[in-house]
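Comments concern the structure below.
The values are calculated or read from the model by the stated rules, or taken from the named source; none is laboratory data. These figures come from a predicted structure and were not determined experimentally. Virtual Cβ from ideal backbone geometry, glycine too; neighbours counted across all protein chains shown. What goes into the accessible areas is simple: the full protein's heavy atoms, side chains included, and nothing from ligands, DNA or RNA. Shrake-Rupley method; radii C 1.70, N 1.55, O 1.52, S 1.80 Å.
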Amino acid sequence: MDHSRIQANLRHIAQHEAKPNPKPLPYTTITRGFEAVAYPKIVRELKDNDLIVKQKSLLAARELLGVPTSYMQCIAAGITPAVVALLQDDDPIVRERAAGTMEYLATKEVGARDIKQHGGVPLMVSLLKDSALPVRDAAYKALIEAARFNPIREALVEEKTALPLLMKLALEEEHGRSLRGLILLNACVQVRHNKDALTQLVDHAKAIPALTALISEDKSPEIQEHAAKLLGLCASTFQDAKIEAVQVGAVPKLLALLDQPSILLASTATTALMMITVVNDAKYAVVNTKGGIEALVKWLDPANEQLCINAMECISNVAEAPEARPLLAEGGAFEKLSSIHGGPYPEGVKSSAAQAMRQCKFKCLPFAPLPGR
């Protein structure tokens, strides 16, 4: 046996075998575990006491949560309570990254339910007042993402202090966070049974005067749109909310939005007016607003079907005031409505036109038959 050749072969193998790392990795290095090891490993790292490890592990957690197959494995490994605990960390970078990671967790309903189960909702609400502005921004984004799901919307309503706080911050914060607050509030009232949410807004958050201030001319169209949408929702249920909207001057401000070229903004404004003009005071507020009738008549254009229907419903409401009917006639409302009713338009549009025509020509009870019947 040629021992020299064997020794040479062993030396050759030794030269090419895997060597220990000559420079051990720092303790704060975050590496991804192999296969199933990755999920409990990232949870352990999130619970580490070292600040740098927590900061880095939150970014690494997002990479895992961004992969659908890894997402469920992370949830099963207990990543949610680990991230929720970091929302209360003393370091603002950790709080910001924890809130950002919550946004990843909230992309699916199972994650949103897990957030609610582990008490993440009240902690994220508290971050909306954080001293660090990036933390506030991250908390808004996470809550908006999570509020796509009913369990989170219900949790925000059940929190009792969340909606009044959001309304207050929408008035006080700069444009971006104010807009996000309104988006979140609109999401909160989309719960299946929203009477409690609307009650909190109208009675406790003083939403009607606040939203009226937010549809003023000095606000951006985005804020005006979301504020008008929420104002319409608040006025849709409670009679006293409609009356309060008239008292705080919401009607002239909503009519002013109809002068802007944005169809979406005009549609939102007419929806709110449609809700408010059910009460008599609102009908006369439209009559007494300079150019108010003309603003409604202008949008009697079936090219924008929903906006046209909204405008016709508003006209039907306003025409219940005797003083409004001559003004509608002078503004050419009846001619436009007749054209729509006789045109090749969907039945829903023509039906709304018929109702508005009958109301514009009303003289006494009983009502005349609807045109075309």
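Kindly check whether there is at least one residue in the stretch 91-103 that is open to solvent by 30 Å² or more (accessible area, probe 1.4 Å) and farther than 16 Å from residue 54 by Cβ.
Yes, there is a match, as at least one residue in the stretch 91-103 is open to solvent by 30 Å² or more (accessible area, probe 1.4 Å) and farther than 16 Å from residue 54 by Cβ.
Select from the stretch 254-273 the residues that are surrounded by fewer than 18 Cβ atoms within 10 Å (Cβ to Cβ) and in contact (Cβ under 8 Å) with a residue 24 or more places away in the chain and list them in ascending order.
Within the stretch 254-273, 259, 260, 262, 263, 264 qualify.
Regarding the stretch 318-336, can at least one residue be identified that is in contact with a Ser or Thr (Cβ under 8 Å, 6 or more places away or on another chain) and in a helix (DSSP H, G or I)?
Going through the stretch 318-336, the residues in contact with a Ser or Thr (Cβ under 8 Å, 6 or more places away or on another chain) turn out to be 318.
Those left that are additionally in a helix (DSSP H, G or I): 318.
Within the stretch 318-336, one or more residues are in contact with a Ser or Thr (Cβ under 8 Å, 6 or more places away or on another chain) and in a helix (DSSP H, G or I).
Keeping to the stretch 334-357, report how many residues are farther than 20 Å from residue 292 by Cβ, open to solvent by 60 Å² or more (accessible area, probe 1.4 Å) and of a type in the set (Lys, Arg).
Of the residues in that region, 0 qualify.
Which condition does residue 79 not pass, out of (1) open to solvent by 100 Å² or more (accessible area, probe 1.4 Å); (2) modelled with pLDDT of 95 or more, if it passes all the others?
(1)
Could you please let me know if residue 190 is among the polar types (S, T, N, Q) and within 19 Å of residue 106 (Cβ to Cβ)? Walk me through how you get there before you give the answer.
Working: among the polar types (S, T, N, Q): yes; within 19 Å of residue 106 (Cβ to Cβ): yes.
Yes: the conditions hold for residue 190.
From the list 219, 195, 229, pick out the single residue that is over 23 Å from residue 127 (Cα atoms), basic (Lys, Arg), open to solvent by 10 Å² or more (accessible area, probe 1.4 Å) and modelled with pLDDT of 95 or more.
Numbers: 219 fails: modelled with pLDDT of 95 or more; 195 fails: modelled with pLDDT of 95 or more.
Going through 219, 195, 229 in turn, the sole match is 229.
Quick one: how many residues across the stretch 49-72 are open to solvent by less than 40 Å² (accessible area, probe 1.4 Å) and either among the hydrophobic types (A, V, I, L, M, F, W, C) or within 18 Å of residue 96 (Cβ to Cβ) (or both)?
Number of matching residues: 9.
Restricting the first residue to the stretch 175-194 and requiring it to be closer than 16 Å to residue 211 by Cβ, which pairs with a second residue that is surrounded by fewer than 23 Cβ atoms within 10 Å (Cβ to Cβ) and of a type in the set (Asp, Glu) meet a Cβ separation below 6 Å and a spacing of at least six or different chains?
From residues that are closer than 16 Å to residue 211 by Cβ, the pairs are 179/222.
Give me the residue from the stretch 206-216 that is outside any helix (DSSP H, G or I) and open to solvent by 10 Å² or more (accessible area, probe 1.4 Å) and, out of that set, farthest from residue 266 (Cα to Cα).
206
Per-residue answers, yes or no, for (1) open to solvent by 10 Å² or more (accessible area, probe 1.4 Å); (2) over 30 Å from residue 200 (Cα atoms); (3) touching a residue at least 24 places away in the same chain (Cβ under 8 Å):
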position: 244; (1), (2), (3): yes, no, yes
position: 252; (1), (2), (3): yes, no, yes
position: 309; (1), (2), (3): yes, yes, yes
position: 315; (1), (2), (3): no, yes, yes
position: 332; (1), (2), (3): yes, yes, yes
